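Undergrad: The following block contains the structure, expressed as structure tokens.
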Amino acid sequence: MKFTLSWLKEHLATEASVDDIVETLTRIGLEVEGVDNPARKLAPFKIARVLTAERHPQADKLQVLTVDAGTGEAIQVVCGAPNAKAGMKGVFGAPGAYVPGSDLTLKVAAIRGVESRGMMCSVRELELGDEHDGIIALPEDAPVGASYAAWAGLDDPVIDVAITPNRQDAMGVHGIARDLAAAGLGTLKPVRVKDIAGSFPCPVEIRTDDPEGCPAFYGRVIRGVKNGTSPAWLQQRLKAVGQRPISALVDMTNYIMLSYGRPLHVYDVAKLQGALIARKARAGEELPALNGKTYALDPEMTVIADDAAVHDIGGIMGGEHSGVTEATTDILIECAYFDPETIARTGQKLGLTSDARTRFERGVDPAFLDAGLALATELAIELAGGEASEAVRAGAAPTQGRVIEYRPRRTSGLAGVDVPDEWQKDILTRLGFAITTGESWQIAVPSWRRDVTGSADIVEEVIRIVGLEAVPSTPLRRPPGVATPTATAEQMLERRVRRTAAARGLNEAVTWSFISESEAEAFGGAAWVLDNPISEEMKAMRPSLLPGLLAAARRNIARGATSVRLFEIGRRYLADSERPTLGILLAGEQSPRHWQTGRAQPFDAYHAKAEALAILAAAGAPVDNLQAMDGAAGVYHPGRSARLTLGPKNALAEFGELHPATLRTFDMSGPVVAAEIFLDAVPQKRSSGHMHEAYAPPPLQAVKRDFAFVVPTDTKADALLRAVRGADKAAIAGISLFDVFTGPGVPEGSKSLAVEVTLQPGEKSFTEEDLKGISDRIVAAAAKVGAQLRA
């Protein structure tokens with residue numbers, strides 16, 4: 001919601017500064033997102049007179065001007081505007097001025113061989129509108145040398161406020177002014193409505209046949225209007241808040257909507273046939289809307305139609321064929337109340353947003369129909385002339401009052417702030433509540449506060465005006481003695497793996513739980529899809545953490561990062577449940593270019609495996625018992641990925657190089673490696689307490705022995721390592737693969753796997769006989785997987 005300072009002061013009598021207004025708005029719950037003063041960026045531009053205008057010697061479409069900008073000297077400017085002529089006044093920018101509409105800083109330059117020392121500016125170049133056919137032409141009484149922004153009244157700060165969905169009353173300047181007045185920043189000016197009596201019966205029948213979707217439909221005809229451009233003050237006000245002026249009658253409806261939160265619509269009577277009716281749409285009906293798109297309607301949607309066709313998606317957007325134009329002479333003003341839930345459902349189905357929908361689905365003031373119609377009638381006649389008919393009131397808005405029983409001491413009990421009764425009464429009265437005092441107060445809720453339904457809401461109204469900073473920060477009570485741990489086993493697990501991942505040099509990322517359907521499709525499809533997403537890019541709940549990490553890696557690489565090492569702890573959303581998961585993604589260079597290697601080294605699947613095993617170890621998984629098995633998800637390269645399992649079914653993690661097709665979906669090139677650790681699958685031991693066992697290093701030195709085995713080419717090294725490890729669990733402390741060889745001396749169809757085995761003696765050192773016995777058991781265990789000692 002945007003408004004200017006002068007617009008606010010039309011509704012609020014105040015001498016407060018912009019800074020005070022901004023601070024107060026945020027303090028009372030209307031967060032200010034920004035303040036922009038157009039005069040600041042236009043400060044360098046002055047009013048100037050064109051002294052002479054002659055044809056450029058080297059270009060037919062250029063002129064050489066001499067300009068007086070109030071400095072007493074004639075400044076030479078090369079100009080291409082067709083309307084530039086001697087004697088006119090315009091807006092001049094000197095060298096050094098920044099032109100916001102062209103994104104350039106002026107400097108002395110030669111244009112076709114003629115020096116130019118500045119610029120005469122157009123409306124578009126100063127971002128004051130879309131006109132760019134010529135330079136700005138000012139009236140004769142414009143003072144030469146004066147600041148253009150100050151003379152034109154552009155020194156009017158624009159305040160942008162974020163309105164929460166419950167505050168429908170703050171969708172108009174008047175409602176914001178009411179809150180500021182309640183906060184003590186001035187006095188709210190009353191809405192002055194001039195009741196214009198109709199001089200003839202309304203010639204168009206108006207009725208509502210959909211009392212649920214449109215309970216009330218008010219309207220009247222004004223004949224003899226002349227619809228032209230709106231006056232400068234109105235255009236300037238709309239432009240300041242980002243609205244495009246269209247015509248006097250359309251601008252009038254936008255002005256009232258922004259001022260009072262009351263959407264209106266104007267029809268050209270000549271384009272209507274028969275009665276104007278609020279009804280349900282019929283199957284197969286369509287509407288070419290004002291935004292240039294055609295919408296298919298269904299019987300759950302409320303529309304405004306005549307006897308021939310639909311003219312309006314009720315409360316959301318009008319149709320293009322019944323709108324007013326410069327040729328319009330008779331108009332019908334619609335002022336209706338639409339059911340918020342119906343508006344929301346219709347907008348969601350059509351994917352259609354508008355300023356009107358934003359207000360109607362939050363709930364406009366149902367008691368403001370007569371006032372809204374009267375304000376529109378008065379302003380329409382003021383801008384376009386004409387004669388008004390009698391008003392027609394079809395149906396009735398739901399204006400039943402709500403009365404809440406309230407005890408003032410609730411502010412202390414619920415919010416912890418002791419606010420005197422009289423102060424509470426004054427605040428609520430300023431906000432529009434009617435109060436009957438007694439042992440308990442009876443508070444009548446104003447018609448524009450649909451969100452206030454109970455006494456807790458009354459407390460909130462009082463406290464936000466008093467100031468949330470007045471609410472004390474009170475710690476929860478603790479029982480005597482040492483407090484018991486509050487973290488769950490799952491939270492403790494996440495803390496351990498987070499610390500481990502960070503200690504290994506990975507950077508934590510926090511990505512959205514929502515992704516696009518196309519991204520989800522690359523990971524097997526989404527089990528959960530939102531019906532009303534923020535955007536199409538955030539429609540599906542992620543089945544994996546990797547899409548978010550891929551998007552983050554792509555952004556980092558696009559900004560020059562050469563090595564990306566990311567992890568994230570979050571949830572995957574599957575058909576049966578949410579699954580806690582840790583995702584890892586490594587992209588770019590594992591090590592940079594170096595004279596020893598000659599080129600940068602990329603990440604490979606083994607880097608992802610190493611990270612996964614380290615984090616699983618920190619999580620308490622028995623990593624020595626894990627098996628690396630085929631069957632990783634299709635997003636991985638089939639020959640460069642695996643699952644880490646306990647047994648054939650319990651998968652604890654997947655890792656590997658991502659498939660090229662997966663990378664193409666995310667507009668990336670490889671190699672990119674990743675892993676996902678399924679935290680809910682990691683077996684957890686019961687804790688026996690907080691004490692760790694004392695560190696007790698082995699008293700005797702370990703012995704290392706190397707073995708080279710010849711195995712079939714398709715034998716996995718993991719199978720050999722597991723077999724060797726199980727040969728003597730008491731003596732074998734560790735085992736690692738250090739060489740893979742194929743070539744001379746190795747039979748075709750086979751490969752040589754060399755392993756280093758660490759043997760740890762217990763109470764006494766190994767003898768030669770002990771070592772031979774262990775070696776024989778190792779060779780025998782390896783033979784069970786088809787391995788033989790290499791000759």
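The values are calculated or read from the model by the stated rules, or taken from the named source; none is laboratory data. Since the model is a prediction, treat every value here as computed from it, not as a measurement. Cβ placement follows ideal geometry from the backbone for every residue including glycine, while neighbour counts extend to all protein chains displayed. In case anyone asks, the SASA skips ligands and DNA or RNA and just uses the protein heavy atoms, side chains included. Shrake-Rupley method; radii C 1.70, N 1.55, O 1.52, S 1.80 Å.
Undergrad: Restricting attention to strands (runs of 3 or more DSSP E) lying wholly within segment 1-118, give those where 2 or more residues are closer than 30 Å to residue 163 by Cβ and open to solvent by less than 60 Å² (accessible area, probe 1.4 Å).
TA: Those strands (runs of 3 or more DSSP E) span 2-4, 31-36.
Undergrad: Is it the case that some residue within segment 185-204 is in contact with a helix residue (DSSP H, G or I) (Cβ under 9 Å, 6 or more places away or on another chain), open to solvent by less than 30 Å² (accessible area, probe 1.4 Å), under 21 Å from residue 24 (Cβ atoms) and in a loop (DSSP other than H, G, I, E, B)?
TA: yes
Undergrad: Further, regarding this structure: Could you check how many residues of segment 521-556 are open to solvent by less than 50 Å² (accessible area, probe 1.4 Å), closer than 20 Å to residue 664 by Cβ, part of a helix (DSSP H, G or I) and free of Cβ contacts under 8 Å to residues at least 60 places away in the same chain?
TA: Of the residues in segment 521-556, 2 are open to solvent by less than 50 Å² (accessible area, probe 1.4 Å), closer than 20 Å to residue 664 by Cβ, part of a helix (DSSP H, G or I) and free of Cβ contacts under 8 Å to residues at least 60 places away in the same chain.
Undergrad: Right, another one. Only one residue in 448, 512 is crowded, with 16+ Cβ neighbours inside 10 Å and among the aromatic types (Phe, Trp, Tyr), so which one is that?
TA: Checking each option against the conditions leaves just 448.
Undergrad: Further, regarding this structure: Can you pull out the residues in segment 206-232 that are open to solvent by 20 Å² or more (accessible area, probe 1.4 Å) and of a type in the set (A, V, I, L, M, F, W, C)?
TA: Result: 232, single match.
Undergrad: Restricting segment 240-277 to residues that are outside any strand (DSSP E or B) and charged (D, E, K, R), which is farthest from residue 160 (Cα to Cα)?
TA: Ranking the qualifying residues of segment 240-277, first place goes to 271.
Undergrad: Next question. Any chance segment 144-158 includes a residue that's out of contact with any helix residue (DSSP H, G or I) (no Cβ under 9 Å at 6 or more places or on another chain) and either part of a strand (DSSP E or B) or free of Cβ contacts under 8 Å to residues at least 24 places away in the same chain (or both)?
TA: No, the conditions are met nowhere in segment 144-158.
Undergrad: Only residues that are in contact with a Lys or Arg (Cβ under 6 Å, 6 or more places away or on another chain) and crowded, with 18+ Cβ neighbours inside 10 Å: list them for segment 130-141, please.
TA: The answer is 138, and nothing else.
Undergrad: Mind counting the residues in segment 360-418 that are in contact with a strand residue (DSSP E or B) (Cβ under 7 Å, 6 or more places away or on another chain) and among the polar types (S, T, N, Q)?
TA: Within segment 360-418, residues that are in contact with a strand residue (DSSP E or B) (Cβ under 7 Å, 6 or more places away or on another chain) and among the polar types (S, T, N, Q) number 2.
Undergrad: Can you pull out the residues in segment 91-114 that are under 31 Å from the mean Cα position of the chain (by Cα) and not hydroxyl-bearing (Ser, Thr, Tyr)?
TA: 99, 100, 101, 103, 104
Undergrad: A further question follows. Which of the residues belonging to segment 757-784 are in a strand (DSSP E or B) and either in contact with a Gly (Cβ under 8 Å, 6 or more places away or on another chain) or of a type in the set (S, T, N, Q) (or both)?
TA: Result: 757, 758.
Undergrad: Does residue 284 qualify as being within 35 Å of the chain's Cα centre (by Cα), crowded, with 17+ Cβ neighbours inside 10 Å and within 24 Å of residue 210 (Cα to Cα)?
TA: Against the criterion (within 35 Å of the chain's Cα centre (by Cα), crowded, with 17+ Cβ neighbours inside 10 Å and within 24 Å of residue 210 (Cα to Cα)), residue 284 does not qualify.
Undergrad: Please verify whether segment 571-582 includes one or more residues that are open to solvent by 40 Å² or more (accessible area, probe 1.4 Å), among the hydrophobic types (A, V, I, L, M, F, W, C) and outside any loop (DSSP other than H, G, I, E, B).
TA: No: segment 571-582 contains no residue that is open to solvent by 40 Å² or more (accessible area, probe 1.4 Å), among the hydrophobic types (A, V, I, L, M, F, W, C) and outside any loop (DSSP other than H, G, I, E, B).
Undergrad: Still on this structure, please answer the following. Surrounded by fewer than 16 Cβ atoms within 10 Å (Cβ to Cβ), in contact (Cβ under 8 Å) with a residue 60 or more places away in the chain and under 30 Å from residue 493 (Cα atoms): which single residue out of 788, 760, 684 fits that description?
TA: 684
Undergrad: Looking at residue 340 and the list (1) touching a Gly at 6+ places or on another chain (Cβ under 7 Å); (2) surrounded by 23 or more Cβ atoms within 10 Å (Cβ to Cβ), which single condition is not satisfied?
TA: (2)
Undergrad: Provide a single number: the residues in segment 295-319 that are in a strand (DSSP E or B) and surrounded by fewer than 22 Cβ atoms within 10 Å (Cβ to Cβ).
TA: Total satisfying the criteria: 1.
Undergrad: May I ask you to list the residues in segment 333-348 that are in a helix (DSSP H, G or I) and either in contact with a Phe, Trp or Tyr (Cβ under 6 Å, 6 or more places away or on another chain) or not acidic (Asp, Glu) (or both)?
TA: 340, 342, 343, 344, 345, 346, 347, 348, listed by residue number.
Undergrad: Taking the stated definitions as given, is residue 127 charged (D, E, K, R), under 28 Å from residue 243 (Cβ atoms) and surrounded by fewer than 13 Cβ atoms within 10 Å (Cβ to Cβ)?
TA: No: the conditions fail for residue 127.
Undergrad: Sticking with this structure for a sec: Taking the conditions exactly as written (crowded, with 20+ Cβ neighbours inside 10 Å and either under 30 Å from residue 237 (Cβ atoms) or out of contact with any Pro (no Cβ under 6 Å at 6 or more places or on another chain) (or both)), does residue 261 satisfy them or not?
TA: yes
Per-residue answers, yes or no, for (1) touching a Pro at 6+ places or on another chain (Cβ under 7 Å); (2) at pLDDT below 90; (3) open to solvent by 10 Å² or more (accessible area, probe 1.4 Å); (4) not small (Gly, Ala, Ser):
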position	(1), (2), (3), (4)
619	no, no, no, no
631	no, yes, yes, no
634	no, no, yes, no
639	no, yes, yes, no
649	no, yes, yes, yes
653	no, no, no, no
658	no, no, no, yes
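Undergrad: Could you figure out which of (1) within 39 Å of the chain's Cα centre (by Cα); (2) modelled with pLDDT under 95 isn't true of residue 196?
TA: Just one mismatch for residue 196, condition (1).
Undergrad: What pairs come out if I take residues in segment 290-309 that are free of Cβ contacts under 8 Å to residues at least 24 places away in the same chain and pair them with residues that are assigned to a loop (DSSP other than H, G, I, E, B) whose C-beta lies under 7 Å away, six or more apart or interchain?
TA: From residues that are free of Cβ contacts under 8 Å to residues at least 24 places away in the same chain, the pairs are 297/281; 297/285; 299/281; 299/282; 299/283.
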